[in-house]
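Novice: Structure provided below as structure tokens; questions to follow.
The values are calculated or read from the model by the stated rules, or taken from the named source; none is laboratory data. If you're wondering where the values come from, they're calculated on a predicted model, not measured in any experiment. Positions of Cβ are backbone-derived with ideal geometry, glycine not excepted, and every protein chain shown enters the neighbour counts. Just the protein is used for accessible areas: all its heavy atoms, side chains included, with ligands, DNA and RNA removed. Shrake-Rupley method; radii C 1.70, N 1.55, O 1.52, S 1.80 Å.
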Amino acid sequence: RPPDDVALLVARTRALDASQVATWSVPYDPSAVAQTRKDALAQLEAWGLEDAAFVTELVVSELVTNAIRHAEPPIQLRLIHLTHDTSLICEVSDGGTTAPHLRRARTYDEGGRGLLLVAQLTQRWGTRQTSKGKTIWAEQRLAPAPPGAL
């Protein structure tokens, strides 16, 4: 037997064109949520994704609000339009290290439903730790573009 095992890992990544990614710094202030939603909706319009506006607006609102309420700055919103598989990913990064968890709010609770809504309205969601905090992401499938559309 050889003294060392050898492993080879091959990975293919897809580079995104800059036009497929939009990023905003979000002020650590609850009043910033409204402007962040407007920015996201304007980007969807620029991408021709108006049909995704309702879900995206809700996801952006919930994830940004949670970052402002429960985490630390800096807060950043990033939208990624994956044209090859017609998906839209919403990422909210913050300086906190506490991972989010789904809660089942009781009837008269005023909060606790946001992440559950995000999980119900998107195909996948998750969180990953970063060197400066964490990123919470949610992926929604988009309707396929009609034949001949850009």
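Novice: Residue by residue through segment 2-32, note down the ones that are of a type in the set (Gly, Ala, Ser) and either within 21 Å of GLU62 (Cβ to Cβ) or not in a loop (DSSP other than H, G, I, E, B) (or both).
Specialist: Passing the criteria: ALA18, SER19, ALA22, SER25, SER31, ALA32.
Novice: Shifting gears a bit: What number goes with the only condition from (1) assigned to a helix (DSSP H, G or I); (2) touching a residue at least 12 places away in the same chain (Cβ under 8 Å); (3) of a type outside the set (Ser, Thr, Tyr) that GLN35 does not pass?
Specialist: Unmet condition: (2).
Conditions (1) of a type in the set (A, V, I, L, M, F, W, C); (2) open to solvent by 60 Å² or more (accessible area, probe 1.4 Å); (3) modelled with pLDDT of 90 or more, marked per residue:
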| site | (1), (2), (3) |
| --- | --- |
| ARG106 | no, yes, no |
| GLU110 | no, yes, no |
| ARG113 | no, yes, no |
| GLY126 | no, no, yes |
| GLN129 | no, yes, yes |
| THR135 | no, no, yes |
| ALA143 | yes, yes, no |
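Novice: Could you please tell me which pairs satisfy a Cβ distance under 7 Å, a separation of 6+ or placement on different chains, a first residue in segment 79-97 that is farther than 12 Å from TRP47 by Cα, and a second residue that is open to solvent by 10 Å² or more (accessible area, probe 1.4 Å) and hydroxyl-bearing (Ser, Thr, Tyr)?
Specialist: As it stands, the answer is SER93/THR130, since those pairs meet every condition given.
Novice: Select from segment 66-84 the residues that are part of a helix (DSSP H, G or I) and either of a type in the set (A, V, I, L, M, F, W, C) or modelled with pLDDT of 95 or more (or both) and write down the one among them that is surrounded by the fewest Cβ atoms within 10 Å (Cβ to Cβ). Before you say what the answer is, go through the steps one by one.
Specialist: Our first condition is that a residue be part of a helix (DSSP H, G or I); within segment 66-84, this holds for 66-70.
From the residues that got through so far, the ones that are either of a type in the set (A, V, I, L, M, F, W, C) or modelled with pLDDT of 95 or more (or both) too are 67-68.
Working: ALA67: 27, ILE68: 22.
The selected residue is ILE68.
Novice: Still on this structure, I have one more. ALA40 passes all but one of (1) under 20 Å from GLN123 (Cα atoms); (2) free of Cβ contacts under 8 Å to residues at least 24 places away in the same chain; (3) not β-branched (Val, Ile, Thr); which number fails?
Specialist: (2)
Novice: Would you mind finding the one in LEU16, LEU58 that is surrounded by 16 or more Cβ atoms within 10 Å (Cβ to Cβ) and aliphatic (A, V, I, L, M)?
Specialist: LEU58
Novice: Can I ask one more? Note down all Cβ pairs under 6 Å where the first residue falls in segment 44-69 and is in contact (Cβ under 8 Å) with a residue 12 or more places away in the chain, the second is of a type in the set (Lys, Arg) and open to solvent by 20 Å² or more (accessible area, probe 1.4 Å), and they're at least six residues apart or on different chains.
Specialist: Partner pairs satisfying both residue conditions: GLU57/ARG37; VAL60/ARG37; SER61/ARG37.
Novice: If only one of SER25, SER87, SER93 is buried (at least 18 other Cβ atoms within 10 Å of the Cβ), hydroxyl-bearing (Ser, Thr, Tyr) and under 17 Å from the mean Cα position of the chain (by Cα), which one is it?
Specialist: Going through SER25, SER87, SER93 in turn, the sole match is SER93.
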